[in-house]
Amino acid sequence: QLGMAHERLGVLAQSRREWDDALASLQEAIEIQREIQAPLGEARILNDIARLKLEMQNASEADLFAQAALAIAQAFGSATETARSLYVRALVALQTQELDLAERFLTQAIAADPNNAAAQLQLGNALLAQGRTDEAKLQAEAGLGHSVEWELGAQTQLTIAALNSDDTRAFRQRLKQTRAHLSNAAEQHRVSNDFLRAIELIIETLEGNA
């Protein structure tokens, strides 16, 4: 419980952009995980630190922490933490504009844990960024009917794909559906506020093209 408390303090400090305090709390949490011999807990926190380093614009250190987490996750056979580590490595690759590498990590993350919605959605984003609209559409369609967040993200990607394909009718239809999904997600309170705000901004931008 003490380890979890330090981890939560670290996440809280990170949300406030108090980088030094966040790092100190997460390092304390790692030491506790080591003392109680909880390697997967250590891997989880190493990934937290990797995400923190990314926010601090330190991609090289972020990747080192994610690699360390991945090694532990694979050694102990945790598909969930393996996928999470690969996803973080993909975020590092995206930050450094290495799209092919990011796609490889995301594909590996999905293979490890097909239910990792973040990796599934990020792969769709990477495909869209490379102009591979047809592949992005197939990737997005795989998210329909899953969790609220995954489906909302997938609907947004399908809307962008329709816009990129110059299919005005499909674009307007998708835009209407995505707006409806956003309203439902907000009412159900099953998606984080940050994710909702991000989708809202994207929809408002897309509506300017309707």
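The values are calculated or read from the model by the stated rules, or taken from the named source; none is laboratory data. Note that the coordinates shown come from a computational prediction; the quantities given were computed from them, not determined experimentally. Cβ sites come from the backbone with ideal geometry, for glycine too, and all protein chains shown count toward neighbours. Keep in mind that these areas ignore ligands, DNA and RNA; they rest on the heavy atoms of the full protein, side chains included. Shrake-Rupley method; radii C 1.70, N 1.55, O 1.52, S 1.80 Å.
Among the numbered criteria (1) over 28 Å from Met56 (Cβ atoms); (2) open to solvent by 20 Å² or more (accessible area, probe 1.4 Å); (3) part of a helix (DSSP H, G or I), which single criterion is violated by Ala154?
So the condition that Ala154 fails would be (2).
In the range 1-30, what count of residues is obtained for those that are surrounded by 17 or more Cβ atoms within 10 Å (Cβ to Cβ), modelled with pLDDT of 90 or more and of a type in the set (A, V, I, L, M)?
Number of matching residues: 5.
Among the listed residues Ala66, Ala43, Ala73, identify the single one that is under 16 Å from the mean Cα position of the chain (by Cα), under 18 Å from Asn116 (Cα atoms) and among the aliphatic types (A, V, I, L, M).
That would be Ala66, the only listed residue that is under 16 Å from the mean Cα position of the chain (by Cα), under 18 Å from Asn116 (Cα atoms) and among the aliphatic types (A, V, I, L, M).
Could you tell me whether Leu163 is under 27 Å from Thr96 (Cα atoms), open to solvent by less than 30 Å² (accessible area, probe 1.4 Å) and touching a helix residue (DSSP H, G or I) at 6+ places or on another chain (Cβ under 8 Å)? Quick ask: steps written out before the conclusion?
Values: under 27 Å from Thr96 (Cα atoms): yes; open to solvent by less than 30 Å² (accessible area, probe 1.4 Å): no; touching a helix residue (DSSP H, G or I) at 6+ places or on another chain (Cβ under 8 Å): yes.
Judged against the criteria, Leu163 is not a match.
Starting from residues that are of a type in the set (Asp, Glu) and buried (at least 18 other Cβ atoms within 10 Å of the Cβ), keep the ones in the range 31-55 and report whichever is farthest from Leu70 (Cα to Cα).
Asp48
Looking at the range 166-210, which of the residues that are under 17 Å from His146 (Cβ atoms) and of a type in the set (Ser, Thr, Tyr) is surrounded by the fewest Cβ atoms within 10 Å (Cβ to Cβ)?
Among those residues, the one meeting the criterion is Ser192.
Inside the range 57-129, counting only helices (runs of 4 or more DSSP H) that do not spill past its ends, which hold 3 or more residues that are small (Gly, Ala, Ser) and open to solvent by less than 20 Å² (accessible area, probe 1.4 Å)? I'd like the intermediate steps shown before the answer.
Values: elements: 59-75, 79-95, 99-112, 117-129.
So the answer is 59-75, 79-95, 117-129.
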